[in-house]
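The block underneath contains the structure these notes are about, expressed in structure tokens.
What follows draws every value from the coordinates through simple rules; no lab data is involved. Small disclaimer: the values here were computed from a predicted structure and weren't measured. Don't worry about glycine lacking a Cβ; one is built from the backbone with ideal geometry, like all the others, and counts go over all protein chains shown.
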Amino acid sequence: MGFETEIKPLFRELDRYEMDFVFDLWSYDDVKQHAASILDRIVDGTMPCDVSWPAERIDALRAWIADGCPP
């Protein structure tokens, strides 16, 4: 599972725009650096701001993090 093919597509252009003041959700380095806090915010429903992620998407992000955030 890699960032470009599996993780980056989880984030919409709107998500990227809304969070750009903190980090770039389409940047591997930014998402890797902030992976734990991004996951926490998605799980607690504060990100994205307009819709909750389904369990499958959360599980994909969680698995990517558990695998060491492969590029």
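Remark: spin-label model distance D24-W53 equals 2.0 nm, labels positioned 7 Å along the Cα→Cβ axis.
Start at zero, step by 5 Å, and the Cα-Cα distances of the chain spread as 3, 18, 33, 30, 14, 2 percent across the bins. Relative contact order of the chain, taken over Cα pairs closer than 8 Å and 6 or more residues apart, is 41 percent. Applying a DSSP loop filter and a limit of 11 other Cβ atoms within 10 Å to the chymotrypsin sites (Phe, Trp or Tyr not before Pro) in the chain leaves F21. Under the convention that each Lys and Arg Cβ holds +1 and each Asp and Glu Cβ holds -1, the size of the dipole of segment 3-66 around its Cα centre is about 140 debye. Would you mind telling me which residue in V51, V31, V43 has the biggest mean-square fluctuation in a Gaussian network model of the chain, where springs connect alpha carbons within a distance under 10 angstrom? With Cα springs under 10 Å in the chain, the top fluctuation among V51, V31, V43 is at V51.
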